Amino acid sequence: MTNAWTDIKNTDLVVVMGGNAAEAHPCGFKWVTEAKAHRGARLIVVDPRYTRTASVADFYAPIRQGSDIAFLMGVIRWCMENDKVQWEYTKAFTNAAYIVKEGFGYQDGLFTGYDPEKRDYDRTSWDYEIDEDGYAVTDPTLQHPRCVWNLLKQHVDVYTPEMVERICGTPKEKFLKVAQMIGECSSPTKTMTSMYALGWTQHSHGAQNIRGMAMLQLILGNIGVRGGGMNALRGHSNIQGLTDLGLMSHLLTGYLNMPTEKETDFETYMKSRQFKPLRPGQTSYWQNYRKFMVSFQKAMWGDAATAGNDWAYDYIPKLDVPSYDVLRMFELMNDGRVNGYICQGFNPVLAFPNRGKIVAGLSKLKFLVTMDPLETETARFWENHGEFNDVDTKSIQTEVIQLPTTCFAEEEGSLTNSGRWLQWHWAAGTPPGEAQHDTWIMAQIFLRMRELYRKEGGAFPDPILNLSWEYHDPTEPEPEELAKEINGRALRDLTDPNDPSKVLVPAGKQVVNFSQLRDDGSTMSGCWIYSGCFNEAGNNMARRDNHDPDETGAYLGWTFAWPLNRRTLYNRASCDTQGRPWDPSRKLLEWDGAKWTGYDVPDIAPNAKPEEVGPFIMNQEGVSRLFARGMMRDGPFPAHMEPFESPVPNVFNPKMRGNPVARIFQNDVAQFGTSEEFPYAATSYRLTEHFHYWTKHNRVNAALQPEFFVELSEELAAEKGITPGGWVRVWSKRGSVKAKAVVTKRIRPLHCDGRVVHVIGIPLHWGFVGAAKKGFGPNSLSPFVGEANIETPGYKAFLVNIEPSTAPAGVVA
């Protein structure tokens with residue numbers, strides 16, 4: 001989230017697309033009700049289903065899943081056409097004025113540079129014109145035909161209200177009503193917030209869904225302000241922390257990049273990470289990348305990381321492919337190229353797409369280790385449960401080792417919520433039976449592995465043997481020790497660059513925050529963005545001061561937010577080019593003539609003059625990007641792309657299937673269905689009464705939502721002869737499930753491109769272990785394809801068929 005949960009109360013308009021906050025984030029949704037009750041805020045929901053969030057909305061508009069980009073580009077077009085643009089913000093704080101290279105273009109659903117054989121773009125033309133001084137060329141008048149603003153205007157021109165209705169199935173009058181309500185928030189004194197979740201991310205073009213709304217928010221002037229922002233609603237309480245700490249195969253901590261095999265030495269790695277400003281006087285804070293990277297390497301390998309060995313750069317694995325994400329790992333597993341799999345806090349048999357492929361991959365392993373406080377279908381994938389898991393147990397030779405772990409209520413540590421708040425919590429109970437903390441289990445594995453390497457050697461044991469492991473109890477590092485290591489400390493006296501006689505941080509003391517990290521080996525930090533969470537002032541994540549001056553919702557004394565305890569990212573953009581708040585009644589910061597002051601930690605140097613330094617300090621331009629340059633694999637502007645399985649062809653290029661640069665494994669090509677065989681558009685979702693796959697172990701939750709079901713419209717039920725509460729079979733090219741039919745008015749047929757499109761909703765909380773009745777999940781049906789930039793599996797739009805059926809064998813109807 002760019003803002004915090006508590007900031008949502010400051011908004012005038014909430015738009016929920018790609019999520020269902022009232023259902024899936026009910027505690028956080030209270031801030032929407034606060035905004036409605038105390039500010040008169042309105043709520044818009046755009047969703048294929050009339051959800052629980054829609055039931056309390058001021059306006060609901062239906063949309064076909066997978067078509068959000070067309071809707072958003074249509075709203076941008078409407079705002080441009082109707083002068084609903086925050087012009088001062090757009091001209092000063094976005095790259096609208098930047099001139100794009102000659103040769104860039106878009107035609108037939110594709111940008112320039114597409115290679116169909118490689119399924120990839122040459123992105124050379126997706127960049128700015130650069131002058132002789134190395135700066136981007138701009139036209140502040142926005143008259144140049146190749147300035148970003150005019151290219152965007154040209155790009156969205158096709159997304160008329162009629163085209164939006166044709167693609168999305170959203171009736172024209174409903175689309176126009178949404179556009180008008182959003183357009184009102186182009187006023188400097190009205191703000192809109194976007195709330196989205198997996199309904200946007202879990203598509204082959206998920207990142208472009210988010211980009212589309214971010215671009216809309218930028219031209220409305222709603223980024224960096226109170227009540228504005230792009231607010232991703234993360235699933236588990238610590239999913240934000242998972243990505244922050246680099247638990248993705250292509251990332252290190254703090255969104256540093258894992259090197260590739262082409263980056264053979266540290267200087268080669270750093271060469272493409274200079275981040276030189278593209279306009280004079282801009283911050284381009286990623287210029288400090290080397291400081292963060294060296295401090296990370298020192299945290300990993302301590303004294304073994306020296307200037308002489310490039311800070312142990314050779315110890316870091318080098319990627320030979322863009323990432324080893326979950327889809328690639330299970331592809332390799334199915335090819336017999338993976339021996340063992342450690343599954344910590346995941347349940348792939350229910351959570352990863354094309355369940356048949358997942359089970360087949362697990363069946364080819366030599367060993368599987370699961371770490372979980374509860375039984376999971378993954379740990380029991382080898383058991384035959386009739387139709388619910390019809391496997392040949394005798395043929396599966398995988399050795400399964402279950403390591404029981406503790407749950408959050410039995411642990412001490414921090415959780416990072418959607419708003420980037422690191423909140424410390426304490427154990428409320430002791431673990432049952434043989435359950436152990438994850439840290440204990442991982443420490444035991446590491447210490448045993450290190451001893452084996454010490455005794456037996458290996459091709460290159462140095463990264464294991466030299467790994468820093470300086471804990472009070474090496475067999476179980478303590479949460480506070482880990483937190484201090486993540487924060488970082490001085491390894492020798494840190495002196496003031498302007499006065500070497502002055503020691504800022506003595507050796508061995510915690511650094512105050514990442515501004516004190518250095519690239520000479522004198523500092524270490526496990527995760528630079530978290531630096532400041534546990535310094536010499538103590539455990540800032542454990543702070544519980546709920547004082548909130550002017551009731552801004554910032555609560556700076558409550559816990560710690562990254563970066564630097566800042567609650568709203570890019571908050572300098574809450575003021576005009578003179579440093580005056582756009583809306584004085586919702587002030588965050590202001591320029592007092594010498595420095596930035598206010599209710600939040602300034603997201604800019606405290607003395608950076610407002611007319612000189614742009615607010616988007618992480619970008620080389622100093623401004624935000626309507627045009628993303630070559631940073632997105634699938635285009636510098638979002639463009640409508642159909643799901644790989646769609647009930648209608650792409651109106652701009654009927655031959656183009658799905659995202660043209662999304663990775664497709666050859667083995668999966670034959671498993672994509674067509675609308676002739678599978679005519680109905682399916683989507684997955686969650687229910688309030690359950691939490692993922694945990695609560696099916698709880699009898700209370702199981703009683704509240706006891707049985708797997710699918711939702712369908714009254715019209716489709718009548719067409720197929722399906723009775724409410726009756727059994728149905730739903731199947732795709734990859735699998736088949738049986739469920740009870742919930743026939744409802746919450747889903748209505750859509751009219752898209754001259755066709756009637758029926759939507760089927762499939763919740764995901766059932767399996768074959770636990771207290772709840774046995775059931776299935778949408779992943780038995782969903783395709784094995786990921787998002788083009790980050791490989792998030794696409795669960796939200798695929799094709800199925802449906803028919804009346806009988807109960808699964810052994811189930812009482």
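Being in the same structural domain as Cys79 (by TED's automatic domain parsing) and assigned to a loop (DSSP other than H, G, I, E, B) is true for just one of Glu132, Glu162. Which residue is that? Can you show your working first?
Working: Glu162 fails: assigned to a loop (DSSP other than H, G, I, E, B).
Of Glu132, Glu162, the one residue that is in the same structural domain as Cys79 (by TED's automatic domain parsing) and assigned to a loop (DSSP other than H, G, I, E, B) is Glu132.
Those residues that are more than 23 Å from the chain's Cα centre (by Cα) and not in a helix (DSSP H, G or I), I need them from region 343-371; list them, please.
Scanning region 343-371 gives Ser363, Lys364, Leu365, Lys366, Phe367, Leu368, Val369, Thr370, Met371.
Okay, residues lined up against (1) part of a strand (DSSP E or B); (2) within 22 Å of Ala443 (Cβ to Cβ); (3) modelled with pLDDT of 95 or more:
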position	(1), (2), (3)
Glu476	no, yes, yes
Thr495	yes, no, yes
Gly508	no, no, yes
Ile529	no, no, yes
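Would you be able to say whether some residue in region 71-81 is in a loop (DSSP other than H, G, I, E, B) and not basic (Lys, Arg)? Write out each step before concluding.
Step one: of region 71-81, the residues in a loop (DSSP other than H, G, I, E, B) are none.
No, the conditions are met nowhere in region 71-81.
Considering only residues that are among the acidic types (Asp, Glu) and without any contact (Cβ under 8 Å) to a residue 24 or more places away in the chain, look in region 552-595 and name the one that is nearest to Thr416 (Cα to Cα). Full working, then the answer.
Applying the first criterion (among the acidic types (Asp, Glu)) to region 552-595 yields 576, 583, 590, 592.
Cutting the leftovers down to without any contact (Cβ under 8 Å) to a residue 24 or more places away in the chain gives us 590, 592.
Values: Glu590: 29, Asp592: 33 Å.
Per the stated criteria, the residue is Glu590.
Test Gly212 against the stated conditions and say whether it is touching a residue at least 24 places away in the same chain (Cβ under 8 Å), outside any loop (DSSP other than H, G, I, E, B) and more than 24 Å from Pro602 (Cα to Cα).
yes
Inspect all residues belonging to region 222-232 and state whether any of them is in contact with a strand residue (DSSP E or B) (Cβ under 7 Å, 6 or more places away or on another chain), surrounded by fewer than 20 Cβ atoms within 10 Å (Cβ to Cβ) and either part of a strand (DSSP E or B) or of a type in the set (Lys, Arg) (or both). Outline the logic, then answer.
Residues of region 222-232 that are in contact with a strand residue (DSSP E or B) (Cβ under 7 Å, 6 or more places away or on another chain), as a first pass: 222-223, 227-232.
Retained after the next criterion (residues that are surrounded by fewer than 20 Cβ atoms within 10 Å (Cβ to Cβ)): none.
Scanning region 222-232, I find no residue that is in contact with a strand residue (DSSP E or B) (Cβ under 7 Å, 6 or more places away or on another chain), surrounded by fewer than 20 Cβ atoms within 10 Å (Cβ to Cβ) and either part of a strand (DSSP E or B) or of a type in the set (Lys, Arg) (or both), so the answer is no.
Name the one entry in Phe665, Phe678 that is modelled with pLDDT of 95 or more and buried (at least 20 other Cβ atoms within 10 Å of the Cβ).
Phe678
Is it the case that some residue within region 736-752 is in contact (Cβ under 8 Å) with a residue 24 or more places away in the chain, surrounded by fewer than 17 Cβ atoms within 10 Å (Cβ to Cβ), among the polar types (S, T, N, Q) and out of contact with any Leu (no Cβ under 7 Å at 6 or more places or on another chain)?
Yes: one or more hits.
List pairs: first residue in region 337-360 and of a type in the set (Gly, Ala, Ser), second residue assigned to a helix (DSSP H, G or I) anywhere in the structure, Cβ distance under 9 angstrom, at least six positions apart or on different chains.
Within 9 Å, the pairs are Gly345/Asp438; Ala351/Val326; Ala351/Ile358; Ala351/Asn779; Gly356/Ser780; Ala360/Phe330; Ala360/Met333; Ala360/Asn334.
Could you check region 653-726 for helices (runs of 4 or more DSSP H) lying wholly inside it with 1 or more residues that are closer than 24 Å to Arg49 by Cα and not charged (D, E, K, R)? Spell out how you get there, then give the answer.
Numbers: elements: 666-669, 699-704, 714-720.
It comes to 699-704, 714-720.
Scan Asp122, Asp115, Asp133, Asp108 and give me the residue that is over 25 Å from Arg663 (Cα atoms) and not small (Gly, Ala, Ser).
Result of the check over Asp122, Asp115, Asp133, Asp108: Asp133.
Hey, among the residues in region 763-811 that are β-branched (Val, Ile, Thr) and more than 26 Å from Lys696 (Cα to Cα), which one's surrounded by the fewest Cβ atoms within 10 Å (Cβ to Cβ)? Don't jump to the end; show me each part of the working.
Filtering region 763-811 down to residues β-branched (Val, Ile, Thr) leaves 769, 785, 790, 792, 800, 802, 806, 811.
Add one more test, that the residue is more than 26 Å from Lys696 (Cα to Cα), and what stays is 785, 790.
On the way: Val785: 27, Ile790: 17.
Ranking the qualifying residues of region 763-811, first place goes to Ile790.
The values are calculated or read from the model by the stated rules, or taken from the named source; none is laboratory data. Everything numeric here is computed off the predicted structure, so don't read it as measured data. Positions of Cβ are backbone-derived with ideal geometry, glycine not excepted, and every protein chain shown enters the neighbour counts.
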